[in-house]
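A short write-up of the structure that comes next.
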Amino acid sequence: MAPTPRSPLGDEALDQLLAHARLDLGTERRAAAGPAVTMVLGLYDSLDGIAVGETPPASGFDARWA
Amino acid sequence: MRPHELSIAEAARQIERRTLSPVELVQSALDRIEEVEGRLNAFVAVTAEQALEAARQAEEEIGDGGYRGPLHGIPVGIKDLYDTAGLPTTSSSAVRSDHLATEDSACVARLRDAGAVVVGKTHTHEFAYGVLTPTTRNPWDTGRVPGGSSGGSGAAVAAGECLVGMGTDTGGSIRIPASVCGTVGLKPTFGRVSRFGITSLCWSLDHAGPLTRTVRDAALTLQVLAGFDARDPGSAKEPVPDFTADLDAGVRGLTLGVPTNYFFDDVDPEVESAVREAIGVLEAQGATLRDVEIPYADQMMAVEFGVLVPEASAYHQEMLRESGDRYTDDVRVFLDAGETVLATQYIKALRVRTLVQQAFRRAFEGLDALVCPTLPAAAAEVGQQTFTFPGGREKTVIDAWVGHAAPGNVTGLPALSVPCGYTSAGLPIGLQVIGRPFDEGGVLRVGQAYGSATDWSSRRPAL
């Protein structure tokens, strides 16, 4: 996937993300979360340049009954 | 030498010959706890009465000819993420202060079946989500952190409060405290040891394993812990070999990969010097060294945290809403942040993880193991936020330490940390050995070869 530019995470966008997650944060927690969300999103964005093609995710499911 | 200073192997030898009683050994560990806990605070809870009762039972059983093996009568500390029947599993968090375990986790059950004696629950960085373990101090310098998240087990083993401490490792949480506390730490292959009954940080990256004072002790403990368990969806149906069989086979004939990137990119010069000297010791013993490039170096932390952060938030989703104010700030902020991750972003990280695994398989062609620094820097001071590396590059403590550990978690490969020297400030340095899938025997063999040629493991902190 070609790297897609991301706009800086503004207050409104953060509020929308938190509302989407149904996570109600007070002013102080919301202020602390902003930089952490930006950092985490930046990590995912750094994977934009990796072509995964048909690669499946590294998650496991065993259909056998234990 | 006091009994609590013995290795498991030596204590077991004496217990089997009945020249050392389990009661004497456990009492010695409890006395040591009494002696140093005021300075270390490695334990959430010490179970002295139950431990002495278990030691008396062990003594009686051995006296009746019922010796169970090398862990019979050995004092162990259990990281407070592991359920231990009848005791709280607090995860060193106010959120779980009254969370009582009704059943033993798989590891604790296996340890008890082998006759090991639980002397207490050791501190973790809250819910294993961090590398500092702020409750606890480093035995080599109580002004410094013991690493984490299994910092209580690292401090306790290094100080002689128990002979083995159980840890978990999602982003280095066994190897980090092992390295900075000067113990051996073994993160087995993903799937080798059951995580049933262990509080999860990230199902896809969590591993369980031991911290010990010697490589042989790690092998003896893994022997007890390893094996398939259908209750853990990540458990692997893989035969369990004798982990001590080739322990003393040496490294002659082995080819060890020495990374040309990533692991030596931002490293404290004292650490680099000690690790390169250690690699030289292995070469002098007959190992062939070969340069190797670590694949996906630039994406490693994105995959590690890209998988970890949303899984941790998923685990804590309900507790975060019910008891959010009871988390410490540094943990809560990332639990909050993980709530905003899209499923497609998480799955992208899992897909790149597959590519990393495939690339490591290619990188390992012709290699028996990789050897590199466990961490780029020794123990941080309490309150220290960053390390500054040559060239002026600054990294947070968590990024610096997890960066060196993450390849082991992302690939699931077995990884061992063994002491390989000390900084000029007297702080331990660790050599990391990363092996092929389910070749714990191989990494233990390399670690044992190095440990036998040096005496770092015999040093004790002057508490």
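Taking segment B:101-126, which residues are over 30 Å from B:TYR67 (Cβ atoms) and in contact with a helix residue (DSSP H, G or I) (Cβ under 6 Å, 6 or more places away or on another chain)? Once the filter is applied, which keeps residues that are over 30 Å from B:TYR67 (Cβ atoms) and in contact with a helix residue (DSSP H, G or I) (Cβ under 6 Å, 6 or more places away or on another chain), segment B:101-126 yields B:HIS123, B:GLU126. Selection of first residues in segment B:333-351 that are under 17 Å from A:LEU18 (Cα atoms) and at the interface with chain A (Cβ under 7 Å from one of its Cβ atoms) and of second residues that are aliphatic (A, V, I, L, M) and not in a helix (DSSP H, G or I), restricted to Cβ pairs under 7 Å at least 6 apart or on distinct chains, gives the following pairs, ordered by first then second residue: B:ASP336/A:LEU23; B:ASP336/A:LEU25; B:GLU339/A:ALA21; B:GLU339/A:LEU23; B:THR340/A:ALA21. Every listed requirement among (1) assigned to a helix (DSSP H, G or I); (2) touching a helix residue (DSSP H, G or I) at 6+ places or on another chain (Cβ under 8 Å); (3) surrounded by fewer than 24 Cβ atoms within 10 Å (Cβ to Cβ) is met by B:ASP242 save one, (1). Taking segment B:363-416 as the range and being free of Cβ contacts under 8 Å to residues at least 24 places away in the same chain and among the β-branched types (Val, Ile, Thr) as the test, the residues that pass are B:THR386, B:THR388, B:THR396. Do we have any residue at all in segment B:78-89 that's in a loop (DSSP other than H, G, I, E, B) and in contact with a Pro (Cβ under 6 Å, 6 or more places away or on another chain)? Taking every residue of segment B:78-89 in turn, none turns out to be in a loop (DSSP other than H, G, I, E, B) and in contact with a Pro (Cβ under 6 Å, 6 or more places away or on another chain). Based on what the data block shows, is B:THR396 closer than 30 Å to B:CYS181 by Cβ and within 14 Å of chain A (Cβ to nearest Cβ)? Here the answer is yes, as B:THR396 does meet what is asked. Scanning segment A:15-53 for residues that are part of a helix (DSSP H, G or I), more than 8 Å from every other protein chain (Cβ to nearest Cβ) and either of a type in the set (Phe, Trp, Tyr) or over 16 Å from B:ALA349 (Cα atoms) (or both) returns A:ASP15, A:GLN16, A:ALA19, A:THR27, A:GLU28, A:ARG30, A:ALA31, A:GLY34, A:PRO35, A:THR38.
Of everything in segment B:59-71, what is in a loop (DSSP other than H, G, I, E, B), surrounded by fewer than 21 Cβ atoms within 10 Å (Cβ to Cβ) and on the phi < 0 side of the Ramachandran plot? Give them in sequence order. Within segment B:59-71, B:ASP64, B:GLY66, B:TYR67, B:ARG68 qualify. Scanning segment B:307-316 for residues that are at the interface with another protein chain (Cβ under 9 Å from one of its Cβ atoms) and over 22 Å from the mean Cα position of the chain (by Cα) returns B:PRO310, B:SER313.
Restricting segment B:410-454 to residues that are charged (D, E, K, R) and surrounded by 24 or more Cβ atoms within 10 Å (Cβ to Cβ) leaves a set whose member that is farthest from the chain's Cα centre (by Cα) is B:ARG445. Considering only residues in segment B:94-126 that are crowded, with 24+ Cβ neighbours inside 10 Å and of a type in the set (Ser, Thr, Tyr), the one that is nearest to B:GLU61 (Cα to Cα) turns out to be B:SER105.
Exactly one residue out of A:PRO8, A:PRO3 is more than 9 Å from chain B (Cβ to nearest Cβ), in contact with a Gly (Cβ under 8 Å, 6 or more places away or on another chain) and modelled with pLDDT under 95, and it is A:PRO3. Cβ-Cβ contacts under 7 Å between residues 6 or more apart (or on different chains), taken from a first residue in segment B:425-441 that is within 16 Å of B:VAL410 (Cα to Cα) to a second residue that is aromatic (Phe, Trp, Tyr), are listed as B:ARG436/B:PHE364. Considering every residue within segment B:96-105, establish whether at least one is at pLDDT below 95 and among the polar types (S, T, N, Q). Within segment B:96-105, one or more residues are at pLDDT below 95 and among the polar types (S, T, N, Q). Out of (1) over 18 Å from B:VAL157 (Cα atoms); (2) surrounded by fewer than 24 Cβ atoms within 10 Å (Cβ to Cβ); (3) of a type outside the set (Ser, Thr, Tyr), the odd one out for B:HIS207 is which? In the conditions (1) over 18 Å from B:VAL157 (Cα atoms); (2) surrounded by fewer than 24 Cβ atoms within 10 Å (Cβ to Cβ); (3) of a type outside the set (Ser, Thr, Tyr), B:HIS207 misses (2) alone.
Residues of segment A:13-32 that are under 13 Å from the mean Cα position of the chain (by Cα) and either closer than 19 Å to B:ASP329 by Cα or of a type in the set (Phe, Trp, Tyr) (or both): A:LEU14, A:LEU18.
Kindly provide the set of residues from segment B:259-303 that are assigned to a helix (DSSP H, G or I), more than 14 Å from chain A (Cβ to nearest Cβ) and in contact with a Ser or Thr (Cβ under 7 Å, 6 or more places away or on another chain), ordered by number. Once the filter is applied, which keeps residues that are assigned to a helix (DSSP H, G or I), more than 14 Å from chain A (Cβ to nearest Cβ) and in contact with a Ser or Thr (Cβ under 7 Å, 6 or more places away or on another chain), segment B:259-303 yields B:GLU270, B:VAL281.
Here B:THR136 fits the description: more than 25 Å from B:VAL224 (Cβ to Cβ) and either without any contact (Cβ under 8 Å) to a residue 24 or more places away in the chain or surrounded by 23 or more Cβ atoms within 10 Å (Cβ to Cβ) (or both).
All of B:GLN357, B:GLN345, B:GLN317, B:GLN299 fail the test of being more than 30 Å from A:GLY34 (Cα to Cα) and not aliphatic (A, V, I, L, M), apart from B:GLN357. Restricting B:THR411, B:THR388 to residues that are away from chain A (no Cβ under 13 Å) and farther than 30 Å from A:LEU18 by Cα narrows the list to B:THR388. Does B:VAL157 satisfy the criteria of being outside any helix (DSSP H, G or I), in contact (Cβ under 8 Å) with a residue 24 or more places away in the chain and among the hydrophobic types (A, V, I, L, M, F, W, C)? Judged against the criteria, B:VAL157 is not a match.
The values are calculated or read from the model by the stated rules, or taken from the named source; none is laboratory data. Please read all numbers here as calculations on a predicted model, not as lab measurements. With ideal geometry, Cβ positions are generated from the backbone for all residues, glycine too; neighbour counts draw on all protein chains shown.
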